[in-house]
Amino acid sequence: MKKLLLGLSAFFFSISTAFAGVTTYTFTSLNWASKVGATVCDGTTDGWVCNLPATEYTAGRNAADGRLYSCGVGVKTGTSGAGATSVQTFTDVRRVTINFCQNSSKGRGTIYVQVGENTPQRIVVNKPAASGEGVWNRDSVILYTTPETGHIKFWVECTENAIYINTISIRSASGGSSVFTTDTYQLVTDVTQLQDSDQVIFGVYQEGINYIMGYYDEYESVNNIHAIKGRYSADRSQVAADESAIYTLRITQLNGNTAYIFQDELRYEEAYLVASGGQTKNRLALWTDVVDTKTYGNYGYWSIAIENGGEAVITNLGNSRSTIIQYNASNNPTLFACYADRSQTPVCLYRRVPALGNVPAIVAPMVNFGTTIKSSDERTIEINANLLTADITASLKQGNIFTLSASTLDRDGDILTISYANAAPGHYRDTLVLTSGETVSETAILLNLQRQLTVAEAVQSEDYAIVFLNDVVVIKKYDNYIYVRDETGSMLLFDRGDGVSGKRYGANLKAGDPLSGVTGRFINYFGVPEISPTEQFRVGTNTEVLPEPAPAVIDSADVCRYLVLENAVVNGWTSLTYNGQEYAVANKFNLSSFDTGVPTRTFVIVSYDYDVVTLYIVRQEPASGQGLDSTNATPQPRLILRNGIFMVETPTGLFTMDGKRQE
């Protein structure tokens, strides 16, 4: 990989006093063998000496949603008391962090940590709050008001099932350097963060979809670029580096405006990301030039806008119809391509931030509460530091919505909780300022707080806006079409699925199911207001759902409503007459036949297809005081007048009076 030098917002200063460091051990075998970063401990001058054998070590595994967790070394009730002692002596120990997990729903006991001959400190481990939560690694921190010196000893007294120790981090005067020994890829939240020659990774801007854009490979996907698994941090502010996904960003000018070029220099050098769909296709590819004067125009140039704290709208500046890079969650396999509108899952960008090295610095992740309806919330982040001699002060530039759990943090890093309470809907932004001596770091805090909307309010949203819907009830479900309503109106949920498992959010829904927690992107699709859900909603107890009486005239204002038409006459497969007016009909729900030529109570869903009000027939019943003639199940020949000419309509087609078929 080519290494590119990037600027750091940190100041160098003369180190005149001793600084502490962080040493993190990861346990790798049943006898508590360990490693520090990429260095394997030798067990003689460093490492750990075990006091009892432990059991059930596993090296770690990935969960289905992409999060990494490790069981580490397991101490069961039968091996209670197992632990180890460090070979190394640590001076002025001020903090010990234990990273551990349990079984899925069990695991209780106590973890003890002792420094030298001092009094052991303990961490009480209770059963997980909910089934399934125990497998996720988490940290417990022991703080020493008075620094202690000596060998580190730990052991686990297990009273139920098992407790697994993954890592131990020791902050001390004799510790190693900070953990910033590798490059990181950080979420881009503002276009001003992008620099020429940045190395970037295309991610997916939706929680739970852990894919990134791979490199162009004609054996994988000739016309688009395939998705590969990505490892995101829990808050999605970082993604793990993957050389199969890294592109180099070039910043240039096009027609007097800033433009961007994505170059795949790691594999092909002279190859560039282009929109190559012409006027008919949704295509994203890698070609050897950025301009095609005959067909595609400036198809290697892009504009970039950042919305919602990280959503990247990357638009091609060439001539192709489809220009916006998005992730297609419904394609099999999933892929990245260009689309004419923002109908697919949006993407985001991550830029490489190089390892700090021997530089005094403070690093904190961006705090992005995202788009939410929670009027109160909090996020806990880890503040990391490198080569500092003074503790860190934490403050906010604005301080009008967010609050901090502490104003002073440990000079070698600490945890900090950022919260807000009882906030009103709105867009909020603040800056977290961290200072240690002359070293200063700033990071953004973002919140887009929305309120739940009624259907009537939701259908007035701008296209592609994120919408949180009030409770609604299903009035009709067909395939991935879910028609819903509340007291204010009706609309469509277009269920694309979660993009990971291939399952739709509403796969098992039926009419009468009440839904809560519906969240998604809105679009007015040729007159039909719809939301594409982006997360799983909740389903309540099924109730009967009744149709609404049809108005005298049905028009576009009735779109998505579930209506009953009294004394409607279905003319055939394509039209019906109601109150003397003819309406287009579509057999959307695949009925085997229509009862035609007689008045019926006809139940319909109203749609609006390309400027034409179209009725989707759900079912028919006899009109009041009438029974349906079963012989009408198959349309019978009848005489109709079309464009001033009499014709015969039969089950097999439309004919003139002299028997000629009309197309």
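The values are calculated or read from the model by the stated rules, or taken from the named source; none is laboratory data. The structure presented is a predicted model; accordingly, all values stated were derived computationally and were not measured. Reconstructed Cβ throughout: ideal geometry from the backbone, glycine too, with neighbour counts over all protein chains shown.
Against the test of being in contact with a strand residue (DSSP E or B) (Cβ under 8 Å, 6 or more places away or on another chain), outside the structural domain of residue 484 (by TED's automatic domain parsing), closer than 21 Å to residue 477 by Cα and modelled with pLDDT of 95 or more, the options 613, 606 yield a single qualifying residue, 606.
Total residues in the range 478-496 satisfying the condition of being touching a Phe, Trp or Tyr at 6+ places or on another chain (Cβ under 7 Å) and of a type in the set (Gly, Ala, Ser): the figure is 1.
One line per residue, one yes/no per condition, for (1) surrounded by fewer than 20 Cβ atoms within 10 Å (Cβ to Cβ); (2) free of Cβ contacts under 8 Å to residues at least 24 places away in the same chain; (3) part of a strand (DSSP E or B); (4) among the hydrophobic types (A, V, I, L, M, F, W, C):
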| site | (1), (2), (3), (4) |
| --- | --- |
| 280 | yes, no, no, no |
| 295 | yes, no, no, no |
| 315 | yes, yes, yes, no |
| 326 | no, yes, yes, no |
| 342 | yes, no, no, no |
| 356 | no, no, no, yes |
| 362 | no, no, yes, yes |
| 368 | no, no, yes, no |
| 383 | no, no, yes, yes |
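In the range 192-214, of all residues being farther than 29 Å from residue 330 by Cα and either of a type outside the set (Ser, Thr, Tyr) or assigned to a helix (DSSP H, G or I) (or both), the one that is farthest from the chain's Cα centre (by Cα) corresponds to 196.
Counting residues in the range 330-339 that are outside the structural domain of residue 502 (by TED's automatic domain parsing), buried (at least 19 other Cβ atoms within 10 Å of the Cβ) and touching an Asp or Glu at 6+ places or on another chain (Cβ under 7 Å) gives zero. Taking the criterion of being under 28 Å from residue 368 (Cβ atoms) and either among the basic types (Lys, Arg) or not assigned by TED's automatic domain parsing to the domain that holds residue 325 (or both), the residues of the range 213-268 that qualify are 229, 231, 236, 250. Of note, residue 48 satisfies the criterion of being touching a Ser or Thr at 6+ places or on another chain (Cβ under 8 Å), modelled with pLDDT of 65 or more and surrounded by 15 or more Cβ atoms within 10 Å (Cβ to Cβ).
Let's see how each residue does on (1) under 24 Å from residue 31 (Cβ atoms); (2) aliphatic (A, V, I, L, M); (3) assigned to a loop (DSSP other than H, G, I, E, B); (4) at pLDDT 90 or above:
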site	(1), (2), (3), (4)
146	no, no, no, yes
149	no, no, no, yes
152	yes, yes, no, yes
156	yes, yes, no, yes
168	yes, yes, no, yes
171	no, no, no, no
176	yes, no, yes, no
179	no, yes, yes, no
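Do you know which residues across the range 228-278 are touching a residue at least 60 places away in the same chain (Cβ under 8 Å) and of a type in the set (A, V, I, L, M)? Correct list: 234, 239, 241, 246, 249, 254, 266, 275.
Would you be able to tell me the number of residues in the range 222-247 that are assigned to a loop (DSSP other than H, G, I, E, B), touching a Pro at 6+ places or on another chain (Cβ under 8 Å) and farther than 18 Å from residue 198 by Cβ?
So the first thing to find is which residues in the range 222-247 are assigned to a loop (DSSP other than H, G, I, E, B), and the list is 222-224, 230-231, 233-237, 240-245.
In the following step, the residues that additionally are touching a Pro at 6+ places or on another chain (Cβ under 8 Å) were identified as 233, 235, 237.
Right, trim to farther than 18 Å from residue 198 by Cβ and you get 233, 235.
The qualifying residues number 2.
Looking at the structure I just gave you, is residue 370 at positive phi, of a type outside the set (Ser, Thr, Tyr) and at pLDDT 85 or above? Explain how you work it out, then say what you get.
On the way: at positive phi: yes; of a type outside the set (Ser, Thr, Tyr): yes; at pLDDT 85 or above: no.
No: the conditions fail for residue 370.
Against the conditions (1) of a type in the set (S, T, N, Q); (2) within 18 Å of residue 207 (Cβ to Cβ); (3) in contact with a Pro (Cβ under 8 Å, 6 or more places away or on another chain), residue 386 satisfies every one except (2).
One line per residue, one yes/no per condition, for (1) over 13 Å from residue 168 (Cα atoms); (2) part of a strand (DSSP E or B):
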position: 85; (1), (2): no, yes
position: 94; (1), (2): yes, yes
position: 97; (1), (2): no, yes
position: 100; (1), (2): no, yes
position: 113; (1), (2): no, yes
position: 117; (1), (2): yes, no
position: 122; (1), (2): yes, yes
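Regarding residue 222, is this residue surrounded by 19 or more Cβ atoms within 10 Å (Cβ to Cβ) and β-branched (Val, Ile, Thr)? Criteria not met by residue 222.
Within the range 493-524, the set of residues being farther than 18 Å from residue 477 by Cβ and not in a loop (DSSP other than H, G, I, E, B) comprises 519, 521, 522, 523, 524. Scanning the range 344-354 for residues that are in contact with a Leu (Cβ under 9 Å, 6 or more places away or on another chain) and either in a loop (DSSP other than H, G, I, E, B) or polar (S, T, N, Q) (or both) turns up just one, 354.
Condition check ((1) more than 25 Å from residue 457 (Cα to Cα); (2) touching a residue at least 24 places away in the same chain (Cβ under 8 Å)) across all residues:
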residue: 518; (1), (2): no, yes
residue: 528; (1), (2): no, yes
residue: 541; (1), (2): yes, yes
residue: 554; (1), (2): no, yes
residue: 579; (1), (2): yes, yes
residue: 582; (1), (2): yes, no
residue: 589; (1), (2): yes, yes
residue: 592; (1), (2): yes, no
residue: 595; (1), (2): yes, yes
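Being surrounded by 17 or more Cβ atoms within 10 Å (Cβ to Cβ), of a type in the set (A, V, I, L, M) and outside any loop (DSSP other than H, G, I, E, B) is the filter here, so list the residues in the range 539-584 that pass it. The answer is 539, 563, 564, 565, 568, 569, 570, 576.
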